[in-house]
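Below is one structure, written out as structure tokens, with a few remarks after it.
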Amino acid sequence: DKLPKKAFFLASFNDKVDRTNFSPGEVQVYPDGGVGFFGIKGLTKLKPGRWARVVITCGGGFESNSRVLTTYINGKKCAKIAKPVLNQRDGRFAMACSHIRLFHNEKKAFEKAQVRYVEVRGQCYSEEKVKENNFTNRIYSAYLEEEEEKKRKLFSALSLQPLYKKPPPIWMHPAFCAEFGDAYLQGTGLEGGSLSVCLHVFDMMFKNMLSDQKGLLDTLGDDELQELDGLTTIFGNAVSLSKQHAIAMKGGQQLVAFVRKFRIQHLEGLAEGETMLIPGGCGGKPYVYILEKLDDYSDNYRFVIVNTDPHWGLDYHLCSAQVQPKLKFKQVIVFDDIPPEKIEQDAFWSLLFLLNTRRVGPSKVYDWLLPYLIDLPLEHAVSNTGDLDEVDFRSPQRSQMAYYRVILESMHYLMRRKGLSLEQAKTVSFAVRSQYLSMAYNDLRIFSSMRMGLSGSDFRLVEIAMQQVAYASVKQSKRELLVAKQLADVKRRLDETNQLAMNLPCTEQLSIDPPAKIRLDDKGLAAKSQWNWQPLFDRLLRKENVDGLAGAPIQIPAYVPIDYLQIKQSVSTF
């Protein structure tokens with residue numbers, strides 16, 4: 001783990017020699033990492049905290065008094081020693097037939113070390129032979145050590161390093177995929193995820209965005225920037241709560257303990273005017289609840305449910321078809337003036353959290369629990385929500401990305417609730433996308449400096465992100481929310497990111513053959529032999545470990561039945 005304060009001996013070769021007048025060993029490791037003897041230690045050094053292969057050779061003629069002892073560290077010459085004592089037959093540097101001693105020290109002042117592998121050979125290796133055998137029969141591998149060191153440098157420089165011990169590049173994180181790929185990832189394996197995981201990344205990104213994207217936030221005044229800074233506190237508190245919530249969703253006593261702590265530590269500690277973001281859901285599909293303690297001296301609360309899934313309860317929300325051909329929803333429903341005796345009940349929160357652990361539909365939340373808060377039908381709250389200026393009609397998600405989209409929608413609602421205009425909220429949303437792209441640029445730069453490659457799937461994700469930022473910047477410019485200088489800065493960053501991604505080598509061998517004909521016959525061909533008819537399927541393979549990033553399993557949607565008898569045996573056009 002560390003170099004010795006004083007030199008210690010590696011080996012004692014000949015126990016039959018009287019050592020009364022000299023040291024108990026022959027080859028030493030010095031405090032600076034050199035390996036040698038008689039004060040000769042060479043330029044190559046041992047590195048603390050890392051295993052090393054030390055080779056000691058001794059050869060030459062006794063008659064010519066030309067014997068030389070040479071030490072090597074990981075194949076590199078360290079010290080070359082030529083002393084008269086080496087020419088003594090059966091002397092200190094002659095190896096005993098029966099045994100040798102390693103780390104043999106009779107003086108307590110010397111320190112000890114550890115050994116993994118020892119080998120004795122009956123010939124003196126030349127320098128070339130030592131290098132040739134440097135990687136043979138070894139438990140320690142310098143190559144693997146170099147690879148580990150490369151990984152350590154990579155992990156310490158990636159954008160997600162503050163959150164993970166071994167962080168992935170940002171484009172492999174579910175939050176990045178959901179931010180840019182909602183319109184592209186429907187039906188793919190990149191759908192699904194964890195609200196807690198994405199909230200953690202979003203919180204870090206949002207804090208960095210306020211400082212890194214100041215150029216895009218110039219149109220916001222001091223009051224708006226102050227409100228955005230207040231959102232960092234809301235998201236920061238939600239991160240720790242979401243971790244506890246994820247554990248509580250296992251059910252049983254963990255859920256009971258979570259509800260009790262939630263009331264004592266969070267509900268009762270909420271001061272006037274403060275807002276809390278609460279993770280939730282129903283049937284395993286994520287919702288977000290926003291609880292605000294009103295500052296009108298009434299001790300009442302405002303409760304908000306955020307839902308972005310059109311297939312899981314969004315039909316309870318107001319819908320608009322004014323922007324053809326889109327259907328837009330008010331993805332939040334606001335319940336105002338809720339008395340504390342209702343909102344501070346453990347029974348209500350226990351049922352609300354319990355529904356996320358059961359296979360139940362959204363009606364249990366919308367038709368049963370939420371009307372209880374206002375003692376009125378749900379339609380009363382929906383109607384009142386339609387009159388609120390801070391609740392906008394917004395496009396719902398396309399893919400199953402609710403675990404992240406509810407966070408984005410919560411951010412939009414909170415910004416509007418804090419007084420930001422719709423244009424200002426869209427400016428912040430564009431800054432969020434720009435910050436994600438800056439994180440991707442940083443990780444691409446690290447990959448380039450370490451000469452690492454990029455898979456085709458990763459390149460496509462980065463490409464989608466660049467396209468989305470470019471499209472959003474044009475929309476912002478048409479709204480006159482971006483000036484020419486800001487637009488030029490965005491263009492420059494896009495060009496730099498694209499250049500980095502294009503220059504990285506591809507890490508996969510993609511098929512270059514044209515697509516094979518798709519045959520749907522039943523002539524007895526074995527299914528296992530048909531894989532080579534689809535040579536481009538290797539592009540879908542992802543070898544990365546996603547443990548800790550994946551969320552709950554996604555249920556397969558029910559599609560319209562297909563009459564396979566009407567399908568031809570082969571495809572003639574694409």
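Quick notes
- Any chance residue 309 is of a type in the set (D, E, K, R), in contact (Cβ under 8 Å) with a residue 60 or more places away in the chain and touching a strand residue (DSSP E or B) at 6+ places or on another chain (Cβ under 7 Å): yes
- Options 426, 418: the member that is in contact (Cβ under 8 Å) with a residue 40 or more places away in the chain and under 25 Å from residue 474 (Cα atoms): 426
- Any hit, the range 284-302, residues being under 24 Å from residue 397 (Cα atoms) and loosely packed, with under 15 Cβ neighbours inside 10 Å: no
- Where a residue in the range 257-275 is in contact (Cβ under 8 Å) with a residue 24 or more places away in the chain and its partner, wherever it lies, is among the aromatic types (Phe, Trp, Tyr) and assigned to a helix (DSSP H, G or I), with Cβ under 6 Å and at least six apart: 259/349
- Members of the range 212-243 found to be polar (S, T, N, Q), surrounded by fewer than 18 Cβ atoms within 10 Å (Cβ to Cβ) and under 29 Å from the mean Cα position of the chain (by Cα), listed by number: 232, 233, 237, 240
- Qualifying residue in the range 458-467 (condition: modelled with pLDDT of 95 or more, over 22 Å from the mean Cα position of the chain (by Cα) and surrounded by fewer than 19 Cβ atoms within 10 Å (Cβ to Cβ)): yes
- Selected residue (only one of 406, 334, 382, 360 is outside any loop (DSSP other than H, G, I, E, B) and within 33 Å of the chain's Cα centre (by Cα)): 406
- Residue in the range 273-281 that is surrounded by 18 or more Cβ atoms within 10 Å (Cβ to Cβ), under 30 Å from residue 182 (Cβ atoms) and of a type in the set (Val, Ile, Thr) present: yes
- Within the range 137-161, if we keep just the residues that are of a type in the set (Gly, Ala, Ser) and either at pLDDT 75 or above or exposed (fewer than 11 other Cβ atoms within 10 Å of the Cβ) (or both), the residue that is farthest from residue 121 (Cα to Cα) turns out to be 159.
- Residue satisfying condition, being assigned to a loop (DSSP other than H, G, I, E, B), surrounded by fewer than 18 Cβ atoms within 10 Å (Cβ to Cβ) and of a type in the set (A, V, I, L, M), within set 388, 351, 420, 369: 388
- Residue match in the range 351-362 (condition: over 25 Å from residue 247 (Cα atoms) and either among the aliphatic types (A, V, I, L, M) or not assigned by TED's automatic domain parsing to the domain that holds residue 281 (or both)): no
- Some residue of the range 196-207 being under 30 Å from residue 485 (Cβ atoms), exposed (fewer than 13 other Cβ atoms within 10 Å of the Cβ) and over 14 Å from the mean Cα position of the chain (by Cα): no
- Number of the exception - residue 394 against (1) over 17 Å from residue 280 (Cα atoms); (2) free of Cβ contacts under 8 Å to residues at least 60 places away in the same chain: (2)
- Filter pass, residue 309 being surrounded by fewer than 17 Cβ atoms within 10 Å (Cβ to Cβ) and of a type outside the set (Val, Ile, Thr): no
- Annotation for the range 160-182: no member residue is hydroxyl-bearing (Ser, Thr, Tyr) and touching a residue at least 12 places away in the same chain (Cβ under 8 Å).
- Scanning the range 269-292 for residues that are closer than 22 Å to residue 309 by Cβ and part of a helix (DSSP H, G or I) turns up nothing.
The values are calculated or read from the model by the stated rules, or taken from the named source; none is laboratory data. Small disclaimer: the values here were computed from a predicted structure and weren't measured. As a convention, Cβ positions derive from the backbone with ideal geometry for all residues, glycine included, and neighbour counts pool all protein chains shown.
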